[in-house]
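Readers should treat all values here as calculations from the given coordinates under stated rules, not as data from a laboratory. This one's a predicted model, so the numbers in the text were calculated from it and none came from an experiment. Counting neighbours? That spans all protein chains shown, and the Cβs are built from the backbone with ideal geometry, glycine included.
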Amino acid sequence: MDTFLENSGWGQARREPLPGDASTRRYIRLVDADRTAMLMDAPAAAEAPLCPPEASPAERAQLGYNALARLAGSNLAAFAGLANALCERGFSAPRILASDFEHGFLVLEDLGDDLIARLIPQQLHEGTIYALAVDVLAAIYRSTFGDHVSAGGEDWPLLAYDDTALMAEADLFLEWYLARHAGVELDDEARAEWVRLWTAAFKRLESCAPGLVLRDFHAENLLHLPDRDGEAALGLLDFQDALIGHPAYDLVSLLEDARRNVDRKLAIPLKARFVEKAGIADSAGFDAAYAVLGAQRNAKILGIFVRLAVRDGKQRYLDLLPRVARHFVADLQHPALMELNLWIKTHAGAVLLDAHK
């Protein structure tokens, strides 16, 4: 790290570590007189192997969860390549100032600390800033991305958010929430039915053309940048796991936030705003896909939060389970998920109890 910072012109900077998150990465603010930057430290080989573009579902299963879910892990070419691609299209991702992919370091533009989650409602009107976020998502969806992004001479593929990845994520609900949190062990028949119901639900995701999905688009990953105009006034963080998939996913991530209560009255008009701005013709199909991806994402998060508590000792994530459970149960009320809703009532009553806490 010392060598990298010295070579990149930040050797004399004061280092101010930022609080950690749920990932293996850490961030350090670099302060050198009147200039600042962010150091990303992503240790190599800290996570499971990544997904080869041509790997079959069986091969991905052998490699592990990162390959199944098509996560970037600690690969900095993914973050840097996507940051470059977003900046080139006028969005406010951090510019890459220096890189050392081999040792897992990036120096990034410092976009500040004004996360919109911290500024609502005292400094920002929730409806106004969320409307901007929806406009950014629509603009990203309208943008054209190729089959890869590039940075520092390295390419990173933009793969499909396919059924294998979606199913692997939903299965975290069984492996961690049901088994480790609720103490429920399913028989083979119940597990097979779970897979069948999700596979049928994923057919709803063919309702519109796919686009770039950032996968973690919510108020704690979005920055207020009032000195910039239009969509650039929203800073983007944590997008290295982006795939090509249904645009409802990021909208669900924004409106069904696991960490804060979004005003319920905003959901319907903001969904309609996205459909209009994104140029989506089939609004009913989009609504069904929104419910499917909401259920899928919230099932995943319920599993991840239990995993963070049980495996990693981060007990604070258990406090977030009731909110996520309420989102999950609400998504299941859509007619497209009627059978899955019945499955949950039969096999996973614990989530209904959490939803009422």
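Summary of computed values
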| item | result |
| --- | --- |
| Selection within the range 92-105 - part of a loop (DSSP other than H, G, I, E, B) and surrounded by fewer than 20 Cβ atoms within 10 Å (Cβ to Cβ) | R95, F101, E102, H103 |
| Single match in A67, A55, A61, A83 (criterion: touching a Leu at 6+ places or on another chain (Cβ under 8 Å) and exposed (fewer than 15 other Cβ atoms within 10 Å of the Cβ)) | A61 |
| Of residues in the range 193-247 being touching a helix residue (DSSP H, G or I) at 6+ places or on another chain (Cβ under 6 Å), of a type in the set (G, A, S) and over 30 Å from L124 (Cβ atoms), the one surrounded by the fewest Cβ atoms within 10 Å (Cβ to Cβ) | S207 |
| Selection count, the range 106-139, where residues are free of Cβ contacts under 8 Å to residues at least 40 places away in the same chain and part of a helix (DSSP H, G or I) | 2 |
| The listed residue being under 23 Å from the mean Cα position of the chain (by Cα) and at positive phi, out of G20, G9, G90, G81 | G90 |
| Candidate set from the range 265-303 (those that are charged (D, E, K, R) and touching a Phe, Trp or Tyr at 6+ places or on another chain (Cβ under 8 Å)); member that is nearest to L251 (Cα to Cα) | K271 |
| Residue check for R311: closer than 17 Å to L174 by Cβ, among the charged types (D, E, K, R) and crowded, with 23+ Cβ neighbours inside 10 Å | no |
| One residue from R316, R307 being free of Cβ contacts under 8 Å to residues at least 40 places away in the same chain and over 22 Å from A209 (Cα atoms) | R316 |
| Close pairs (6 angstrom Cβ cut-off, 6 or more residues apart or separate chains): among the β-branched types (V, I, T) in the range 179-205, assigned to a helix (DSSP H, G or I) anywhere | V184/L178 |
| Flag for Q333 being part of a loop (DSSP other than H, G, I, E, B), closer than 24 Å to L68 by Cα and polar (S, T, N, Q) | no |
| Pick from the range 301-315, criterion assigned to a helix (DSSP H, G or I) and over 24 Å from D263 (Cβ atoms), ranking: nearest to the chain's Cα centre (by Cα) | I304 |
| Of all residues making up the range 140-158, the number that are buried (at least 17 other Cβ atoms within 10 Å of the Cβ) and in a helix (DSSP H, G or I) | 2 |
| Failed item, numbered, when A281 is tested on (1) outside any helix (DSSP H, G or I); (2) buried (at least 19 other Cβ atoms within 10 Å of the Cβ) | (2) |
